[in-house]
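The values are calculated or read from the model by the stated rules, or taken from the named source; none is laboratory data. Just so you know, these numbers come straight off a predicted model, no measurement behind them. Note: ideal-geometry Cβ built from the backbone for every residue, glycine included; neighbour counts use all protein chains shown. Side chains are part of the model used for accessible areas, which takes the heavy atoms of the whole protein and leaves out ligands, DNA and RNA. Shrake-Rupley method; radii C 1.70, N 1.55, O 1.52, S 1.80 Å.
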Amino acid sequence: VSAPSLSFASDTANSGIFRSAEDEIAISTDAALNSKFTTTGFQIGTGTATAQFHTFKTTTGDDVVIENSNAGATEGPNVVLYRNSASPAADDVLGTVEFRGEDSGGSTQSYAEITAGIVDTTASGEDGRIDFNTTVAGSLDNAVRLQEGRVGINESAPEAPIHVNNTETQILRLECPNNDA
């Protein structure tokens, strides 16, 4: 890492490209590992990649920033999750953003996720849904579903603009803690 095989003469030869291990090509900057290509994929930082793109960091703050400097009124930057399926069907999951952490026993746990899916694939009549799921007693459970202009709370098939499915005695609570008129 401090003496890469391909380096820059004007950079005291401690930044460049080198073979970090069998079947790995790495990039060093200022004699430190910056990133590498492995058989698993591309990784940034030090660690063992478990995905096609894996970033490692030991400090808090921004991990990924996507910046667009266009001064116009149109959208941007955009993040697109595109499932290019040869046979799209109802109930296909299009993508998930998952929030993981460790439990008190040190095991990896999914605590929440946002999932998008297909309701209807009919051309010019397509319908989609988005689910907000949270972990309850160790298992992911659908908390809120947005589908076909409706909101389902604890309801996977909302039948009204707002459909709440709850066995509690108190379904809705509006509270104002102010002590004035």
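Here the alpha carbons of segment 54-181 define both size measures, Rg and Dmax, at 19.4, 61 Å. So in segment 54-176, what percent of DSSP beta bridges are antiparallel if you round to the nearest 5? Beta bridges within segment 54-176, antiparallel portion: roughly 90 percent.
Solvent exposure of the chain, expressed per residue, is 75 Å² of accessible area, with all protein chains present and a 1.4 angstrom probe. Report note on the peptides 85-97, 153-165: ranked by the mean count of other C-beta atoms within 10 Å, highest first, their order is 153-165, 85-97. Among beta bridges from DSSP that stay inside segment 6-89, the antiparallel ones total about 80%. Of the trypsin sites (Lys or Arg not before Pro) found in segment 45-129, those in coil by DSSP whose Cβ has at most 16 other Cβ atoms within 10 Å are LYS57, ARG83. Calculated on the alpha-carbon coordinates, the convex hull of segment 121-181 measures out at 156 cubic angstrom per residue. Database remark: amide H of THR55 closer than 5 angstrom to the amide H of ILE44 (H placed geometrically; neighbours at sequence offset of 5 or more, or on other chains; Pro and chain starts carry no H). How would segment 24-96 be classified by its alpha-carbon gyration tensor: rounded, prolate or oblate, with rounded meaning a/c under 1.5 and the a/b versus b/c comparison settling the rest? Here segment 24-96 falls in the oblate category. Write out the chymotrypsin sites (Phe, Trp or Tyr not before Pro) in segment 61-152 meeting two conditions: DSSP loop, and at most 15 other Cβ atoms within 10 Å of their Cβ. Those that pass, being in a loop and sparsely packed, are TYR82.
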